[in-house]
Amino acid sequence: MDPVEALQQAIHYLDREFAPSQKVRAFQRAIDVVDSTGPEEIAARAEADTLTELDGIGKSTAEVISDALSGNDDGYLARLEERSRVPIGEGAPVLAAIRGDCHAHTTWSDGGAPLRAMAETAIAIGHDWIVITDHSARLTIAHGLSEERLARQLEEVEALNAELAPFRVLTGMEVDIFEDGSLDLADEMLARLDLVVGSVHSKMRLPREDMTRRMVTAIASPHVDVLGHCTNRMLVGRGRPPSDFDPEIVFAACARFDTAVEINCRPERQDPPEQLLDLALEWECKVAINTDAHATGQLEWQAFGADKAVRCGVPVDDIVNTWTADELLEWTAAHAR
Ligand SMILES: [Zn+2]
Ligand SMILES: [Zn+2]
């Protein structure tokens, strides 16, 4: 195997197991070193066991490189593959019915993998489509997209679609919901996108009434198709408590305006908690099981959301990810009318 390909696979598995970002960066750095060193010197050093003398190659990355060159399929990469497998649980039937993912980031904003790699991984895991939803402009720490950059991304998507058909890359954005419920993108751009996820990323501690009004205003927008990670809770690190809002009103609005409630599959979010999802289901809200992937390996996290959907009894037909791309587009287009 090509050493760079092996290192890329390692990155996929590391992201799949949610490894610390410095570990992923070490592998990315190793790819750069292999590229700049050249195949002959890499092969000679692998033979002589001197890869780690290169600045940027450590013990693990050296092992992956030499295993790739010698054809050893029983080393670090194989162990990592096995260790990082996402367990398929009670969600198996839902997972089997899923055709796509409506929330994924790329290097256009704060993702770690280029758009093409995300699309190719979606194909590899059996999807028919993926919606690319990078961040909107105001989220500057996440390198959010200006209108002009979004327009350029749409061109890249169009070119990629011509190449990857019948697989479909759908256009979208994870648009910030401002404090007053308005959206961080002009209407005419919103109208051009296939699917829009609306999410709160700032002022998460608003008083209950204000947060409820803010969310309902965004849900009522004809452009918002999916309400992203509704509580904003964070379960790892210092953690973050859920935002305070009236869930009856918010989910009633989702039902009324046909906005899907997202099951966000990220391990540190697991949003919404099951009690809240139960309530959304009482309102017969549609559901989107989304990975919110920021790397190729994270596209496999849908298994977590599928487990939750089955535990809470989400009807499969109400899960928008089980629809064909055309059905999905018909649904989002109906919102804009
Ligand atoms: Zn978000
Ligand atoms: Zn996101």
Residue by residue through region 17-31, which ³J(HN,Hα) values in whole Hz follow from phi under the Karplus form 6.51 cos²θ - 1.76 cosθ + 1.60 (θ = phi - 60°), with glycine and proline marked x?
8, 6, 5, x, 5, 5, 5, 4, 4, 4, 6, 5, 4, 4, 4
Rounded to one decimal in Å, the inverse mean reciprocal Cα-Cα distance for region 222-285, i.e. its Kirkwood radius, is 12.0
Collect residues whose amide H, placed 1.01 Å from N in the peptide plane, falls under 5 Å from the amide H of residue 234; neighbours closer than 5 in sequence don't count.
240
Note down the relative contact order for the chain as a percent, whole number, built from C-alpha pairs under 8 angstrom at least six residues apart.
18
Let me check I've understood the local charge: for residue 311, count other residues with C-beta under 12 angstrom from its C-beta, Lys and Arg +1, Asp and Glu -1. What total comes out?
-3
Rounded to the nearest 10 degrees, the helix 325-335 long axis (Cα) sits at an angle to the longest Cα principal axis of the chain of 40
Roughly what would the spin-label model give for residue 82 and residue 246, points 7 Å off Cα along C-beta, in nm?
5.5
Could you tally the net charge around residue 265, taking each other residue with its Cβ under 10 Å from the Cβ of residue 265, Lys/Arg +1 and Asp/Glu -1?
-3
Using a Förster distance of 30 angstrom, determine the FRET efficiency expected from the C-beta separation of residue 333 and residue 35, and round it to 0.05.
0.10
When a/c is below 1.5 the answer is rounded, else prolate if a/b is larger than b/c, else oblate, so apply that to region 55-102 with a ≥ b ≥ c taken from the square roots of the Cα gyration tensor eigenvalues.
prolate
At a threshold of 8 angstrom on Cα-Cα distance, excluding pairs fewer than six apart, so keeping six or more, what relative contact order does region 222-264 reach in percent?
51
For helix 247-257, report the angle its Cα long axis makes with the longest principal axis of the Cα atoms of the chain; keep it between 0 and 90° and round to the nearest 10°.
90
DSSP-defined beta bridges in the chain - what % are antiparallel, rounded to 5:
10
Please give every one of the aspartates and glutamates within straight-line cross-link reach of residue 203, meaning a C-alpha to C-alpha distance under 14 Å, and leave out same-chain neighbours fewer than 8 residues apart.
176, 179, 180, 244
The long-range amide H neighbours of residue 196, using H built 1.01 Å from N in the peptide plane and a cut-off of under 5 Å, are 225, 226
Phi-based couplings in Hz for region 48-65 (Karplus 6.51, -1.76, 1.60; Gly and Pro marked x):
8, 6, 10, 4, 5, 6, 6, 5, x, 10, x, 5, 5, 5, 4, 5, 4, 5
Ratio of Rg to Rh over the chain (Cα coordinates, Kirkwood Rh, two decimals)
1.01
Checking the cross-link filter: which aspartates and glutamates have an alpha carbon closer than 14 Å to that of residue 59, excluding same-chain neighbours under 8 positions apart?
49, 67
What residues have an amide H closer than 5 Å to that of residue 184, excluding those fewer than 5 places away on the same chain, when H is modeled at 1.01 Å from N in the peptide plane?
176, 178
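Values in this text are rule-based calculations from the coordinates and carry no lab data. Keep in mind that this is a model prediction, so the values were computed, not measured. A quick note on method: Cβ atoms are made from the backbone with ideal geometry, for glycine too, and the neighbour counts reach across all protein chains shown.
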